[in-house]
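The values are calculated or read from the model by the stated rules, or taken from the named source; none is laboratory data. Note that the structure is predicted; figures quoted are calculated from it, not measured. Counting neighbours? That spans all protein chains shown, and the Cβs are built from the backbone with ideal geometry, glycine included. Accessible surface areas use protein heavy atoms only, side chains included; no ligands, DNA or RNA. Shrake-Rupley method; radii C 1.70, N 1.55, O 1.52, S 1.80 Å.
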Amino acid sequence: MEKTYKLELAGLTRELPLCPVNENLYIGAFIMFGDVELTKTAAGLLLKKVPDFDIIVTSESKGIPLAYEMACQSGRNDYVVMRKEKKLYMKDVMSIEVDSITTDHRQTLHIGGREADLIKGKRALLVDDVISTGETVGAMEALIKKAGGSVAGRAAVLAEGEALDREDIIYLAPLPVFDSEGKEIK
């Protein structure tokens, strides 16, 4: 039988499958793709909590639906996605490396000149589905600064692990981490 975690958020309930990071650590797989109700609800709630910003920035890929919906609800016409691979259409690419808990290798985040221009001189709101170790957020911040922007805030639907102790992250609910038996690790 698959181990799951029952997430309750703003009157919505979702069963998250527990996935192994290693033999002693499991995380709840929170996937917003395809969940329009949850995405719209989370975007609206986060917008009520975040500081003023000029542009929304996320990293590929699970934060994209949230960034899109927050841009729509806030009346913004643009948002920036930091890509994990350079694309042929990207010119004047800026890059930075990052370690993430949900991948088994170092990744690189990239933005093209168009995206850098959208960030330059702006207060960027970093958004993601889940913030855990903060490694991706740190890399995003560095790339924003490299592009000439500043960080207005950091927001996620859920925070887990080390992120729960950070006062600079805005989130809607905690997401526990689990042992191999599916019990919450305190």
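Tabulated values for the structure
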read-out	value
Selection status of residue 108, open to solvent by 30 Å² or more (accessible area, probe 1.4 Å), polar (S, T, N, Q) and touching a Gly at 6+ places or on another chain (Cβ under 9 Å)	no
Test: residue 9 is of a type in the set (A, V, I, L, M, F, W, C) and crowded, with 20+ Cβ neighbours inside 10 Å	no
Filtered residue count, the range 63-105, keeping only those that are surrounded by 15 or more Cβ atoms within 10 Å (Cβ to Cβ), farther than 23 Å from residue 27 by Cα, hydrophobic (A, V, I, L, M, F, W, C) and modelled with pLDDT of 90 or more	5
Residue satisfying condition, being out of contact with any Lys or Arg (no Cβ under 7 Å at 6 or more places or on another chain), assigned to a helix (DSSP H, G or I) and closer than 23 Å to residue 3 by Cβ, within set 163, 173	163
Residue identified as modelled with pLDDT of 95 or more, in a loop (DSSP other than H, G, I, E, B) and not hydroxyl-bearing (Ser, Thr, Tyr) among 182, 148	148
Checking residue 97 against (1) assigned to a strand (DSSP E or B); (2) within 19 Å of residue 64 (Cα to Cα), the condition it does not meet	(2)
Tally, over the range 26-59, of residues that are open to solvent by 40 Å² or more (accessible area, probe 1.4 Å) and not in a helix (DSSP H, G or I)	7
Lone qualifier among 132, 180 - being farther than 28 Å from residue 89 by Cβ and touching a helix residue (DSSP H, G or I) at 6+ places or on another chain (Cβ under 7 Å)	132
Complete set of residues in the range 154-171 that are surrounded by 17 or more Cβ atoms within 10 Å (Cβ to Cβ) and either on the phi < 0 side of the Ramachandran plot or hydrophobic (A, V, I, L, M, F, W, C) (or both)	154, 155, 156, 157, 158, 159, 160, 163, 169, 170, 171
The range 60-74 residues that are under 13 Å from residue 46 (Cβ atoms), paired with ones that are surrounded by fewer than 14 Cβ atoms within 10 Å (Cβ to Cβ) and of a type in the set (A, V, I, L, M, F, W, C) (beta carbon under 7 Å, 6 or more apart)	65/33
Among the candidates 138, 182, residue that is touching a residue at least 12 places away in the same chain (Cβ under 8 Å), on the phi > 0 side of the Ramachandran plot and open to solvent by 20 Å² or more (accessible area, probe 1.4 Å)	182
